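First the structure, in the form of structure tokens, and then the observations on it.
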Amino acid sequence: MSNLNKQKILIVDDEPDILELIEYNLKKEGYQVFTARNGQEAVTEAKRSLPDLIVLDIMMPKMDGIEACRIMRTMPEFKNTFMVFLTARSEEYSEIAGFNVGADDYIAKPIKPRALVSRINAILRRNAPAEDISDNKLEIGELVIDREAYLVFQKGQKVVLAKKEFELLYLLASKPGKVYTREVILKNIWEDSVVVTNRTIDVHIRKLREKLGDDIVATVKGVGYKFEA
């Protein structure tokens, strides 16, 4: 069993059948699994078990998933815990609300066990690229990003990027699949510059797509952007 599959996952849903289905499939994959039936139980169980990833339904009695996530994100012990929302609701505002309180991903019901396990495996691997960096290089598929030399190679061909374009690409690529809000991007790339607007981000994303392909960066409507591995 790999170290990955020894990680702990907390599943929070008020539907027993869904809890049982997800728990069965994740245990079969080798994960340690804990469960809770509402947001209040989730906070209590999370403080006890300290999971690596929490799967939260949005619509639950007593305390919904949005509020539970918001509360846990204020606690130091959950600063780096992955939070994933699981919901039957497809309205855009639900997804935006989830990302705004610190969600890392969003999975829609009905549950497809194999797809769910695959997604959770991928989320838990998001820290891997940062750990595998050697000499400040990221290698993701056919893309090589050399932070020290400010160079990018795609399929062995050098791609010329402006400084801010490079920094934006490196930020997004350091955690493939993670959604970065516009606020986080502005803070990390442009810091406290008063002349920078959301339009500036859009222009830089457009330039990255022109140089590296339209599918290199995905837009999460109303929230921000993510690097597509």
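Around Glu77, under 14 Å between beta carbons, what's the net of Lys plus Arg minus Asp minus Glu among the other residues? The answer is +3.
Charging the Cβ of each Asp and Glu at -1 and of each Lys and Arg at +1, and nothing else, the dipole of the chain about its Cα centre rounds to 360 debye. Listed options for mean projected area of the Cα convex hull in nm² are (1) 13.5; (2) 11.5; (3) 17.4. The value calculated from this structure is the one marked (1).
In the chain, Cα pairs under 8 Å separated by at least six residues give a relative contact order of 13 percent. Name all residues of segment 50-78 having a backbone nitrogen under 12 Å from the label point set 7 Å from the Cα of Gln32 along its Cα→Cβ direction, giving them as ranges. Only 50-53 fall inside the zone, counting backbone N under 12 Å. Counting only protein heavy atoms and a 1.4 Å probe, the chain has 53 square angstrom of accessible area per residue.
Between the amide H of Val217 and those of Glu228, distances stay under 5 Å, these residues lying 5 or more places away or on another chain, with hydrogens modeled in the peptide plane. P(r) for segment 140-229, from all Cα pairs and a bin width of 5 Å, is 3, 14, 28, 28, 18, 8, 2, 0 %, short bins first.
By how many degrees, 0 to 90 and rounded to 10, does the Cα axis of helix 16-28 deviate from the longest principal axis of the chain? Once rounded, the angle reads 60 degrees.
Heavy-atom accessible surface of Glu191, to the nearest 10 Å², is about 130 Å², with a 1.4 Å probe and all protein chains retained. Which pairs in the list Lys27/Lys112; Lys137/Lys211; Lys8/Lys187 are over 23 Å apart, alpha-carbon to alpha-carbon? Violating the 23 Å limit, Cα to Cα: Lys8/Lys187. Taking the C-alpha atoms only, the angle from helix 163-173 to the longest principal axis of the chain is near 30 degrees.
Between Glu210, Glu148, Glu77, the Gaussian network model of the chain with springs among Cα atoms under 10 angstrom shows the greatest mean-square fluctuation at Glu148.
The values are calculated or read from the model by the stated rules, or taken from the named source; none is laboratory data. Being a predicted model, the structure only gives us computed values, none of them experimental. Here the Cβ is made from the backbone with ideal geometry for all residues, glycine too, and neighbour counts use every protein chain on show. The accessibility values were calculated without ligands, DNA or RNA, using every heavy atom of the protein model including side chains. Shrake-Rupley method; radii C 1.70, N 1.55, O 1.52, S 1.80 Å.
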